[in-house]
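Reviewing the structure listed below.
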Amino acid sequence: MSTATTTTSTEATSTPDRPPLADRFADRMNPILVKEVRQAMKSRGFVGTLMLLIGACWLVSLVGSLNFGSALEYYAFGPWFFALYFIPLVTAIGIVVPFLTYNSMLNERLDDTFEMLSITTLNARRIVNGKLLTAISLIVLCYSAITPFIAFTSLLQGFRWTPALFVMVIGIFASTGLCSLALVVSTLASNRLMQGFFSLILIAVLVYCSSFALSLFEPGFWTIPSTWSTFMGLGSICMVLVGVVYLLREVTVAQITFESDNRATGVRVVCSMLMVAVWGTTWWYFQFFTLPSGSRTTSMFLVNGLALPTAFLIIVVGYFSCTERPAMSQRVRRRVLRMPGGLRYLAFPWLPGCSRGYVFVLMHLFLFAAILLLIADPFGTWDPLVIRRNFALAATAYAMLYSGIATLISRLLRARNPDCRSTLVRATFLTVVSFSAVLPHLIVATIEQVQQSVIGYTWLMFSSPWATMLEISNSGGLSEDLMITLQVLGISSLVLFVLNCRGIADSVIEMQSDQGPGSATQKGAKA
Amino acid sequence: MNETVPVELITATSELVPLPAPSRQVLAVRHLSRYFGDLHAVDDVSFDAAEGQVVGFIGPNGAGKTTTMRIIATLDVPNHGDAIVCGNSVIDYPDRVRRHIGYMPDSFGKYSNMNVEDYLDFYARAYGLKGRDRQRAVNHVLAFTELRKLQYKSIKALSKGMSQRLGLGRTLIHDPQLLILDEPAAGLDPRARVELRELVHLLARELNKTVLISSHILTELGEICDSVVIIEAGKVLVSGDVDEIHRQKRASRVEGDLHEVLLRTVSGFDQAQHETLHKWLLEQPFVTACQMSGDCFRLEFTGNEQQQAELLKRLIEHEFPIIEFHGKTQTLEDAFMSITRGITQ
Ligand SMILES: Nc1ncnc2c1ncn2[C@@H]1O[C@H](COP(=O)(O)OP(=O)(O)OP(=O)(O)O)[C@@H](O)[C@H]1O
Ligand SMILES: [Mg+2]
């Protein structure tokens, strides 16, 4: 800082000794937040929305009080007024704010301002944090704009604080979730044309999600009881949303991190943490609430609370991890080599590279199986219908199979062209998977046309998870064909594992010296 | 800050930032290579830059200038080789390198709803400057780039010249040691170019910054650069002192190389005498053509320096009234044209 500060010491005397409190406060905040809030206050988009929001609320109050006059005191108008105030708010926080967040991140990327930012002391994570914090500030601003109106509503008949709080709290979290989704979408568009396409999709999703707010008009809504379990429910919903925000934020960070840096570890660590949180919560729940063993509620609970989130995490993170470049970049490898001996091997599944990603997926699948066994014996008590067990078995087999295929494709394509882009690998993988899933259906449909007869499920349809899963839920038990399908799935996953062993071995060797297979590929590029 | 750093022992690790020493090395590029598939955008490039030096980075379109600069600015990673900025490898310690560099790309996006001061303030924050330090840095940059008058102007509304100034200002906000300017003069009018050149000169001479500057405006670089690196198709063709390159170029001239020699006689030398001289010149060895206009002769000469001197000696011996005799001095532009071969990739 030497020259810039010393040469202008004369100018400094004109500034007061201690900067104003607001400035000192702003100093501590994320620079992006400060910049974006300043920009938002000058942008027509946000200020206009805020004005419209307040205007709409005034209009509702004015028309309402003029129309109903003193009747307001006697009839249950509370819910109606609340809904009429809340819907403009939802439009603002569910559509406008996420879309502004999307736009600001997108422009940052497409205008190359992002690159300039990333060589300051701000890293990708702080940039994304700044964007998210800005979104939250705007949400809070919108909330504070309607606070007086809500206060007014609370005086009306029929208004109850529990449902109101319920929906308002969820609104904040859900809107933050939508903003983080918008951030992820903004990292997908690589040019202005794609941008139009993604904008449309995003708007559709935002409108769809915001339309849930219409359930406010359902009569049942205002009868939500003020009990312990309501707040437990609220708490769990918020926790899930926080988890989603966390994961999406990490995905955004990974997407905007330079390819030469470590994109993988953040997402994988957050994924592991979320899984542990999900498993832990379920386990805790089982300790404190003795659910009837083998009942339908228990198994539903296990499926919704344990299996679905885990499956979601594994699918999302596995898809990205297994399609990565096999080798670490030189920068990451050197950083890993600086880690103390044992630590780098412990960190193995979380380090970048498709083979390590594959190990990561397998590890979590097996851990999950172990947890299931620990919490409830899946082969006995927890599901009288056995459907869920077979579901879980098939799903695990498919997860193993697909992660294996993705890893193999990634390695094969990269062996031919080390600079092959991840998008190409992912597209190839998706094509292979969807083709193999559709093919049996096509064949069966053709045969049925020709023979004029209905063919049921056969094990030859194993490559279509859709058909297999449908068969499991229809048949309940394990038909002979399903047994064969499970065996075929198991064997092919094993074969893929064996095929990927080479890659895993390479990934271990890579971590031992600077001259690992990674540098070999780079030399290969020269040839 | 530099003044207050206590003298400490330097151990022989690349992690330590070396102590400021007179004209210490700021940038060392070592065997840098970057491939895009089969394309060798940068191929084994090496050069150095010391404190207070302006290094011109010259090459035709697609030579790999931007790619090299992006690697030094930690925006990209080389396939081979390394670049060391103030003792830190761009591969191993990008975060440390970023504190020492200011990078101005050939084009950069601008935020909407933001004025000049807010823009600089934002970047100062992004570099972690707080409170009074930040205000000082912003004021200093506003003063240095003479943007004070436009302080409250929206950055979208700035002219090209002014936004280049702002871009330069932004790279200076955290007082980096090494400035990397990618074609800063592109699209500027002559006056703005001269002003930019003066700013760069000031940065190097007064503030002792190292400036790596790429440009197509070769003649301009010749005046402000202490050394140049000429690059084509990813390879360094020549690097070193500007004068040194000229000297090398002249000395390396061999028989058969065509160049021009200009010759002038005293005015009042009559037409017949001119004809005689013209004829005589054409008979001399190594002269392949001779154009006459007034009392000026333009020779195409294929000999080396020694043979050129002998021609002059003979002219004098024949008592031709010569008042001027010189090989056309090479500009950087000529050097560039004769060094590069117009390879495109
Ligand atoms: N991301 C990339 N992917 C593929 N090829 C690239 C990429 N970036 C640069 N190149 C190629 O590398 C070569 C060098 O490009 P570079 O931009 O470094 O040249 P330059 O010297 O800056 O040219 P100019 O004077 O036109 O700016 C070009 O042939 C270019 O097409
Ligand atoms: Mg360029």
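The values are calculated or read from the model by the stated rules, or taken from the named source; none is laboratory data. Because the structure is a prediction, the values reported are computed rather than measured. When we count neighbours, we look across all protein chains shown, and the Cβ atoms used for this are built from the backbone with ideal geometry, even at glycine.
Going by what's in this entry, would residue A:188 be described as modelled with pLDDT of 90 or more and under 15 Å from the mean Cα position of the chain (by Cα)? Here the answer is no, as residue A:188 does not meet what is asked. Residues satisfying the criterion are absent from segment A:215-227 (criterion: of a type in the set (Asp, Glu) and buried (at least 21 other Cβ atoms within 10 Å of the Cβ)).
Among strands (runs of 3 or more DSSP E) entirely within segment B:158-250, having at least 3 residues that are within 16 Å of ligand 2 (Cβ to nearest atom) singles out B:178-182, B:210-215, B:227-232. At pLDDT 85 or above, under 14 Å from the mean Cα position of the chain (by Cα) and within 14 Å of another protein chain (Cβ to nearest Cβ) - does that describe any residue in segment B:184-204? Yes, because at least one residue in segment B:184-204 is at pLDDT 85 or above, under 14 Å from the mean Cα position of the chain (by Cα) and within 14 Å of another protein chain (Cβ to nearest Cβ).
Residues are listed down the side, and each one gets a yes or a no for (1) within 14 Å of another protein chain (Cβ to nearest Cβ); (2) at negative phi; (3) at pLDDT 90 or above:
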{"site": "A:44", "(1), (2), (3)": "yes, yes, no"}
{"site": "A:58", "(1), (2), (3)": "no, yes, yes"}
{"site": "A:80", "(1), (2), (3)": "no, yes, no"}
{"site": "A:94", "(1), (2), (3)": "no, yes, yes"}
{"site": "A:111", "(1), (2), (3)": "yes, yes, no"}
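Looking across segment B:77-88 at every residue that is surrounded by fewer than 20 Cβ atoms within 10 Å (Cβ to Cβ) and within 16 Å of ligand 1 (Cβ to nearest atom), the one that is nearest to residue B:24 (Cα to Cα) is identified as B:81. When we screen B:119, B:111, B:152, B:103 for residues that are of a type in the set (Phe, Trp, Tyr), in a helix (DSSP H, G or I) and in the same structural domain as residue B:233 (by TED's automatic domain parsing), the only hit is B:119.
So which helices (runs of 4 or more DSSP H) stay within segment A:92-164 end to end and still have 3 or more residues that are farther than 17 Å from residue A:248 by Cα and more than 25 Å from the chain's Cα centre (by Cα)?
Working: elements: A:97-110, A:113-118, A:124-153.
Hits in segment A:92-164: A:124-153.
Just one of the listed residues (A:144, A:175, A:186, A:180) is surrounded by 18 or more Cβ atoms within 10 Å (Cβ to Cβ), under 14 Å from residue A:89 (Cβ atoms) and polar (S, T, N, Q), and it is A:175.
For (1) assigned to a helix (DSSP H, G or I); (2) hydrophobic (A, V, I, L, M, F, W, C), each residue gets a yes or a no:
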{"position": "A:182", "(1), (2)": "yes, yes"}
{"position": "A:203", "(1), (2)": "yes, yes"}
{"position": "A:208", "(1), (2)": "yes, no"}
{"position": "A:216", "(1), (2)": "yes, yes"}
{"position": "A:225", "(1), (2)": "no, no"}
{"position": "A:244", "(1), (2)": "yes, yes"}
{"position": "A:249", "(1), (2)": "yes, no"}
{"position": "A:262", "(1), (2)": "no, no"}
{"position": "A:267", "(1), (2)": "yes, yes"}
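For segment B:89-106, the set of residues classified as more than 16 Å from ligand 1 (Cβ to nearest atom), touching a residue at least 40 places away in the same chain (Cβ under 8 Å) and within 25 Å of the chain's Cα centre (by Cα) consists of B:89, B:99, B:100, B:101, B:102, listed by residue number. Looking only at segment B:107-149, filter to residues that are among the aromatic types (Phe, Trp, Tyr) and more than 8 Å from every other protein chain (Cβ to nearest Cβ); which one of those is nearest to the chain's Cα centre (by Cα)? So, considering only residues that are among the aromatic types (Phe, Trp, Tyr) and more than 8 Å from every other protein chain (Cβ to nearest Cβ), the one nearest to the chain's Cα centre (by Cα) is B:144.
Here's the yes/no breakdown for (1) modelled with pLDDT of 65 or more; (2) touching a strand residue (DSSP E or B) at 6+ places or on another chain (Cβ under 9 Å); (3) more than 16 Å from ligand 2 (Cβ to nearest atom):
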residue: B:301; (1), (2), (3): yes, yes, yes
residue: B:304; (1), (2), (3): yes, no, yes
residue: B:311; (1), (2), (3): yes, yes, yes
residue: B:314; (1), (2), (3): yes, no, yes
residue: B:318; (1), (2), (3): yes, no, yes
residue: B:324; (1), (2), (3): yes, yes, yes
residue: B:333; (1), (2), (3): no, no, yes
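Annotation: residue B:134 fulfils all but one of (1) closer than 30 Å to residue A:129 by Cβ; (2) surrounded by fewer than 16 Cβ atoms within 10 Å (Cβ to Cβ); the unmet one is (2). Quick check on segment B:8-27. Is at least one of its residues more than 30 Å from residue B:157 (Cα to Cα), surrounded by 23 or more Cβ atoms within 10 Å (Cβ to Cβ), at pLDDT below 95 and not aliphatic (A, V, I, L, M)? No, the conditions are met nowhere in segment B:8-27. The set of residues in segment B:184-198 that are surrounded by fewer than 20 Cβ atoms within 10 Å (Cβ to Cβ) and within 22 Å of residue A:119 (Cβ to Cβ) contains only B:186.
For (1) under 27 Å from residue A:259 (Cα atoms); (2) within 13 Å of the chain's Cα centre (by Cα); (3) within 16 Å of ligand 2 (Cβ to nearest atom), each residue gets a yes or a no:
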| site | (1), (2), (3) |
| --- | --- |
| B:31 | yes, no, no |
| B:34 | yes, no, yes |
| B:37 | yes, no, no |
| B:44 | yes, no, no |
| B:49 | no, yes, no |
| B:56 | no, yes, yes |
| B:59 | no, yes, yes |
| B:66 | yes, no, yes |
| B:70 | yes, no, yes |
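Of the numbered criteria (1) within 10 Å of another protein chain (Cβ to nearest Cβ); (2) away from ligand 2 (no atom under 16 Å from the Cβ); (3) hydroxyl-bearing (Ser, Thr, Tyr), the one residue B:103 fails is (2). Taking the criterion of being free of Cβ contacts under 8 Å to residues at least 24 places away in the same chain and either within 14 Å of chain A (Cβ to nearest Cβ) or buried (at least 24 other Cβ atoms within 10 Å of the Cβ) (or both), the residues of segment B:34-69 that qualify are B:36, B:37, B:38.
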